[in-house]
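The values are calculated or read from the model by the stated rules, or taken from the named source; none is laboratory data. This structure is a prediction, so every number in the text was calculated from the model and none was measured. Note that each Cβ is placed from the backbone with ideal geometry, even for glycine, and that neighbours are counted across all protein chains shown. The area values use the complete protein model at the heavy-atom level, side chains included, leaving out ligands, DNA and RNA. Shrake-Rupley method; radii C 1.70, N 1.55, O 1.52, S 1.80 Å.
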Amino acid sequence: MGCHLKFHPTRAPRLREASVQRRQRPCLDCRKLTRNASRCDQDQAAWQARQNQLRGSATQRGYDSKWQRVARAAVALHRAEHGDWCPGWGVPAHASTDLTADHRVPLARGGTSEPENVCVLCRSCNSRKRDQ
């Protein structure tokens, strides 16, 4: 029960060595130097809280108890048929224990939480797919 959508090629991610630190850059909000990508820890936490408030809860976005039941059933069925195997999105199929259910047609584009509109991907592929 994988996603049968058009796969998009992706560039191979650049791996950063653990011993290499990011260069310092100014926080977007307070201009204090930080090694984070855009904001210091304090401003990042405040920014994330604002984003979460604007975004709404999972239930408000349409991920209600019905979706949770359908998602659990889809992942269980996928594991029973294919084991811990992700069909991949933009990458070849691969082993993964972190499987998640995903809408084939996103809710934002008129999709539903019916089993026919659900596919299973690993968390990484699900993030890569976003709302496509």
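Please pick out the residue among Arg128, Arg61, Arg79 that is outside any loop (DSSP other than H, G, I, E, B), over 14 Å from the mean Cα position of the chain (by Cα) and not polar (S, T, N, Q). Talk me through it step by step, then tell me what you get.
Numbers: Arg128 fails: over 14 Å from the mean Cα position of the chain (by Cα); Arg61 fails: outside any loop (DSSP other than H, G, I, E, B).
Answer to the selection: Arg79.
Taking residues in the stretch 74-98 that are touching a residue at least 40 places away in the same chain (Cβ under 8 Å), and partners anywhere that are among the basic types (Lys, Arg), the pairs with Cβ atoms closer than 6 Å and at least 6 places apart or on different chains are Trp89/Arg128; Trp89/Lys129; Gly90/Arg128. Within the stretch 34-63, residues that are closer than 28 Å to Thr112 by Cα sit with their Cβ atoms under 9 Å from residues that are loosely packed, with under 10 Cβ neighbours inside 10 Å and at pLDDT 85 or above, at 6+ positions apart or across chains, in these pairs: Thr59/Ser65. Of the residues making up the stretch 109-125, just one is part of a helix (DSSP H, G or I) and more than 18 Å from His78 (Cβ to Cβ), namely Arg109. Among all residues of the stretch 62-77, there is none that is touching a Lys or Arg at 6+ places or on another chain (Cβ under 7 Å) and either open to solvent by less than 50 Å² (accessible area, probe 1.4 Å) or among the charged types (D, E, K, R) (or both). Among the residues making up the stretch 53-69, those that are of a type outside the set (Ser, Thr, Tyr) and at pLDDT 85 or above are Gln53, Leu54, Lys66, Trp67, Gln68, Arg69.
For Ala80, are the conditions met, namely being open to solvent by 20 Å² or more (accessible area, probe 1.4 Å), in contact with a strand residue (DSSP E or B) (Cβ under 8 Å, 6 or more places away or on another chain), farther than 16 Å from Lys66 by Cβ and at pLDDT 90 or above?
no
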